Structures are given as structure tokens and as C-alpha cells.
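The structure under discussion appears below in the form of C-alpha cells.
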Amino acid sequence: WAGGAGTPGFRLRLRDAKGAAEVTTLPARSPERRLEVRAVDHKAQEDARRYTWTGPAAVSILAAQPQDLTRQSNGDVQLAMTLRVDTAPQGEVRMRLACGEGCTAAVPLRETLAALAPGQWTTVGVPLKCFAVAGADLSKLDTVWSLEADAPAQLSVSRVALVSQGQAERTVWCRTMK
């Protein structure tokens, strides 16, 4: 996902306590209005998305077909996002992968996000092996990226991608939670 657009075979979804909503136009909101997404500019007009949380909710990239990232996790490949902290999170923020019912793993990001300069774009990566250690089955991922917050926060994201170690400006190591 980059340049404000997804890749064929993937879709963007907002989820909160009242359910989920596919993002087909912008702006978009989760059913309970706990999360809103709008287009913002990073390197080009509307090439990024600003996510504004007012309470517990998540944004996710879902795969039409399960994805196998086992081979990538054997190396030092990271799931990375280029982001900007617009308003510091007031609660925990997690990056999560999911692999079907009851199969999920998350990495907490609050400390990392708190250390970033507000308003500055940076790339944050999490080694895929961290998600495997936390219990995700990387051979059958249906949610290939999710960003969830428990409390108010505002983050802009311009890119989500797999990158080699060293390409992310900040790496979040395996302090995982399931």
C-alpha cells in the first residue's frame, strides 16, 4: 500500500466495537465513529492517509487470498510503515497481523511513537519474526497489516510495505503481545 492506493487483491477496513466498514471513498468512518480516515499529502497530493482515533478502533489491510510470508520471516524482512505522528497517542497503539479466527499477534508501538518528533515523516519497521514469535502463523495471513489504538491518537501513513533490515529508520524489536 503506497501513494494513497492499495494493491489489487487487498482492501482497507476500519473496525470498532460496532463492526467494520470497508474504505471505498474518503473520508470514511468506522461504524461507531471511533476512527476516521482522510486523504493527506506527503510527497504528492493525497498520497497518504490520516487516521484519527477517538477511542478503541483499528484500520487493517485485508488480503483477498491468504498470504504466505514464511520465507520472508526466515530472513530479516520487516513490515514497515512510513508515518507521521500528528497527535501523540493517549493509550496503547499496536501493529497486528492476523491469520484467521483466533490466530493473531501484535507488537506494541506506543513507546516508539512517543519518541518520534511530531509532524515528521519516518519509517518504522517490525521484523516479521516478532509476529511469528508472538503466535501468528505467517503461512496464512488474511490481515497483512493492522494499526489499532485504545485511545485518542492521530497518525498519518503514506506507505505500508515489506522492507529489508536497515531500510526502516526505526525498528521495533520483539516486545510482543498476543
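A few remarks follow.
- Candidates are the residues of the stretch 1-14 that are without any contact (Cβ under 8 Å) to a residue 60 or more places away in the chain and assigned to a strand (DSSP E or B); the one that is least open to solvent (accessible area, probe 1.4 Å) is 14.
- Every residue from the stretch 133-155 that is open to solvent by 20 Å² or more (accessible area, probe 1.4 Å) and at pLDDT below 95: 133, 135
- In the stretch 20-41, the count of residues that are within 27 Å of residue 166 (Cα to Cα), at pLDDT 95 or above and of a type outside the set (A, V, I, L, M, F, W, C) is one or more.
- For the stretch 98-109, the condition holds for no residue, the condition being that it is out of contact with any Ser or Thr (no Cβ under 9 Å at 6 or more places or on another chain), open to solvent by less than 10 Å² (accessible area, probe 1.4 Å) and under 16 Å from residue 36 (Cα atoms).
- Only residues that are of a type in the set (S, T, N, Q), at pLDDT 95 or above and touching a Phe, Trp or Tyr at 6+ places or on another chain (Cβ under 9 Å) were counted in the stretch 68-86, giving 1.
- Residue check for residue 52: assigned to a strand (DSSP E or B), open to solvent by less than 50 Å² (accessible area, probe 1.4 Å), touching a His at 6+ places or on another chain (Cβ under 8 Å) and modelled with pLDDT of 95 or more: no
- Matching residues, the stretch 86-112, being touching a residue at least 24 places away in the same chain (Cβ under 8 Å) and more than 13 Å from the chain's Cα centre (by Cα): 86, 87, 88, 89, 90, 91, 92, 99, 100, 103, 104, 112
- Residue list for the stretch 21-60, filter: among the small types (Gly, Ala, Ser) and touching a residue at least 24 places away in the same chain (Cβ under 8 Å): 30, 39, 44, 48, 55, 57, 58, 60
- When residues in the stretch 62-97 are screened for being of a type outside the set (S, T, N, Q) and surrounded by 20 or more Cβ atoms within 10 Å (Cβ to Cβ), 11 of them pass.
- A count restricted to the stretch 159-175 and to residues that are closer than 21 Å to residue 67 by Cα and in contact with a helix residue (DSSP H, G or I) (Cβ under 9 Å, 6 or more places away or on another chain) stands at 1.
- The set of residues from the stretch 18-42 being in a loop (DSSP other than H, G, I, E, B), of a type in the set (Lys, Arg) and surrounded by fewer than 18 Cβ atoms within 10 Å (Cβ to Cβ) comprises 18, 33.
The values are calculated or read from the model by the stated rules, or taken from the named source; none is laboratory data. Given the structure is predicted, the values throughout are model-derived calculations rather than measurements. No Cβ is skipped: glycine too gets one built from the backbone with ideal geometry, and neighbour counts run over all protein chains shown. In case anyone asks, the SASA skips ligands and DNA or RNA and just uses the protein heavy atoms, side chains included. Shrake-Rupley method; radii C 1.70, N 1.55, O 1.52, S 1.80 Å.
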